[in-house]
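*Asks:* Sharing a structure with you now.
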Amino acid sequence: MADNKTLEIIVRALDSKRAEDIQVIGVGDLTILGDYFVIANGTSTTHTRTLADEVEYKLSEAGIEPIRREGRGNGSSWIVLDYGDVIVHVFYKEARDFYQLERMWADGEHMDVSAWLKKD
């Protein structure tokens, strides 16, 4: 199971690059895909790529490498970083609105990440 430190690194990395609407959903009781989904969005495909790059960089600094990456091509509107227990979904806003993963996983446990976000 993923520890809170990994989730904290992910959320702080996304927040440091101004990701929008960062959500962490515990899905371990609902699927074998992983224990947590982290969902966030950027305001452009460039911003989306920057967010995913920052998550990878910060976790790599902590010695954690992704098992798999998807959606890294130019103009990608959905990037997935698979860390086994934690799957990070970084969307372009319109793609996030279209796929509505939060709705699909509404039965999951929504975690409060406010302590990991910078205060404005």
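All of the numbers you see were taken from the coordinates with simple rules; none came from a lab. Please read all numbers here as calculations on a predicted model, not as lab measurements. All Cβ positions, even for glycine, are placed from backbone atoms using ideal geometry, and neighbour counts span all protein chains on display.
*Asks:* Restricting attention to the range 47-120, which trypsin sites (Lys or Arg not before Pro) occupy a DSSP loop and are surrounded by at most 15 other Cβ atoms within 10 Å?
*Replies:* Numbers: sites: 49, 58, 68, 69, 72, 93, 96, 103, 118, 119; in loops: 72, 118, 119.
When the trypsin sites (Lys or Arg not before Pro) of the range 47-120 are filtered for loop state and at most 15 Cβ neighbours within 10 Å, 72, 118, 119 remain.
*Asks:* Which order results if 79, 67, 87 are arranged by neighbouring Cβ count within 10 Å, fewest first?
*Replies:* Taking fewest neighbouring Cβ atoms as first place, the list is 67, 87, 79.
*Asks:* Give me the dipole magnitude in Debye, nearest 20, for the range 4-114 about the Cα centre, with unit charges on the beta carbon: positive for Lys and Arg, negative for Asp and Glu.
*Replies:* Using Cβ point charges on Lys, Arg, Asp and Glu, the range 4-114 gives about 420 debye.
*Asks:* Measuring from centroid to centroid over Cα atoms, what is the spacing of the range 65-120 and the range 1-38 in Å?
*Replies:* 8 Å
*Asks:* Let me ask another. HN-Hα J couplings of the range 52-68 from phi, Karplus 6.51/-1.76/1.60, θ = phi - 60°, integer Hz, Gly and Pro as x?
*Replies:* After applying 6.51 cos²θ - 1.76 cosθ + 1.60, I find 5, 4, 5, 4, 4, 4, 5, 6, 4, 4, 8, x, 10, 10, x, 6, 8 Hz.
*Asks:* How long, wide and thick is the chain, going by the Cα atoms along their three principal axes, in whole angstroms, largest first?
*Replies:* The Cα atoms of the chain stretch 34, 33, 32 Å along the principal axes, largest first.
*Asks:* Moving on. Out of all DSSP beta bridges in the chain, what portion is antiparallel? Express it as a percent rounded to 5. If you can, show how the numbers build up before the last one.
*Replies:* On the way: 16 of 23 bridges.
Of the beta bridges lying entirely in the chain, close to 70 percent run antiparallel.
*Asks:* Starting from the Cα gyration tensor of the range 33-96, take the square roots of the eigenvalues, sort them a ≥ b ≥ c, and report rounded, prolate or oblate (rounded when a/c is under 1.5, otherwise prolate if a/b is larger than b/c, else oblate).
*Replies:* prolate
*Asks:* Right, something else. Among all the lysines, which ones have a C-alpha under 16 Å from residue 119's C-alpha, if same-chain residues fewer than 8 places away are not counted?
*Replies:* List returned: 17.
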